[in-house]
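Below is one structure, written out as structure tokens; the observations come after it.
The values are calculated or read from the model by the stated rules, or taken from the named source; none is laboratory data. Everything numeric in this text was worked out from a predicted model, so none of it was measured. With ideal geometry, Cβ positions are generated from the backbone for all residues, glycine too; neighbour counts draw on all protein chains shown.
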Amino acid sequence: MAIPHTFNRFQLPFLPRALLIAAFLATAAGCRQSAERLEPEALLEQARDEMLVFNFDNAKRLLNHNQNYFPKDHSDYPEFLYLQALANWHVVPPVPQDVVRAGILFEQLIREFPDHPLIPSALLLKGRLHDIRNFAGDEPDYEKARAAYQALLNRFPDHDLAGDALVRLAMTHVKQVDRPEEIQKGIDMVATWLDENPDSRHTSLLALFLGTMNDQFIGDRALGLRYYKQAYEIGFVNPGRAGVNTWRLVELAIEAGMEAAGHEVPAAGRPEWDLTRVEDEHLHIAIEAAQTIIRDFPRSGRGYEAVLLLRDIQTARPDLDFDIPTLQLFDLSLGEDNV
């Protein structure tokens, strides 16, 4: 009777020895490559490439390994710090010490290169790092977050990111949902800034923020309508949500119009709207905004609903003269762009 062959626990019978050696050599070569010292330009290019495809772990290893080799007086050293901070922060799953390192790197960049073009973004990201939970057990530090956002507003009030900084600064108060006074403080902060800077490039973004806050958190439909209408007239900053935001303007106009006429707003919304009980001024706002949805945002998911609403208004208020645009979901023309 043949005795079955038994393997020693240190043997690996599943791969030929030559294949094992090849695998080891390939792994060793990969380790040497990842530990290689790269020239600054090549290093940054490779790190950018890794981060563009969300390989933050590879970018982190690459940048952390080269942190002692990258020349401190190199013109791209600020970008090196910026990318290193981003890579350490965005590794999944997040590692507490990496998150701490990211914060230190942002602070170093801001402190040592105060006038570099990346500083506004670094301030915004530093604030963001402190006002979210990055890992289990991590608690937001709203004071540090506010300091970073406020620094961006103070030093770069006309920068494209200033509006985002103001909204995020206000949200550090609004997120404290168990404290109504904090919510109001955040809203008042943005309203005051907007009143003092009526021609700001951030007006649409901030007006939409105030419209949403007064509508959803405070329950003040009239004030919510005022700010939604302001953002609508300027143009919503996010084209992808412009149709949805315009539809909320329609709803607010009708609901606020009911309240202005002394009527209660039905809890069920549109199915129970009595369109004969809406102030004319508010009804005209709703009509114009619904027409805009049909013409400009037919595929927003609200196009057909806007058509139905305008038909209902015509039925309820035959004295009003307005057109219902044709809902065209697809361009079926044979123009040059569609050949």
Pairs under 6 Å by beta carbon, first residue in a loop (DSSP other than H, G, I, E, B) in the range 287-310, partner modelled with pLDDT under 95 and of a type in the set (A, V, I, L, M), six or more apart or different chains?
Pro298/Leu327; Pro298/Leu329; Arg299/Leu329
Filter the range 167-190 for residues that are assigned to a helix (DSSP H, G or I) and of a type in the set (D, E, K, R); which is surrounded by the most Cβ atoms within 10 Å (Cβ to Cβ)?
Arg168
Quick one: in the range 276-286, which of the residues that are β-branched (Val, Ile, Thr) and free of Cβ contacts under 8 Å to residues at least 60 places away in the same chain is farthest from Ala256 (Cα to Cα)?
Thr276
Which condition number does Asp164 fail, the rest of (1) among the acidic types (Asp, Glu); (2) assigned to a helix (DSSP H, G or I); (3) more than 19 Å from the chain's Cα centre (by Cα); (4) closer than 21 Å to Leu118 by Cβ being met?
(3)
Glu233 - would you say it is of a type in the set (Asp, Glu), closer than 26 Å to Arg317 by Cβ and surrounded by fewer than 17 Cβ atoms within 10 Å (Cβ to Cβ)?
yes
Taking first residues from the range 73-94 that are over 14 Å from Phe106 (Cα atoms) and second residues anywhere that are outside any helix (DSSP H, G or I) and not hydrophobic (A, V, I, L, M, F, W, C), the pairs with Cβ under 7 Å that are 6 or more apart or on different chains are Pro94/Asn134
Some residue of the range 270-285 being part of a loop (DSSP other than H, G, I, E, B), touching a Pro at 6+ places or on another chain (Cβ under 7 Å) and not acidic (Asp, Glu):
yes
Looking at Asn214, Asn134 in this structure, which one is more than 30 Å from Gln84 (Cβ to Cβ) and in contact (Cβ under 8 Å) with a residue 12 or more places away in the chain?
Asn214
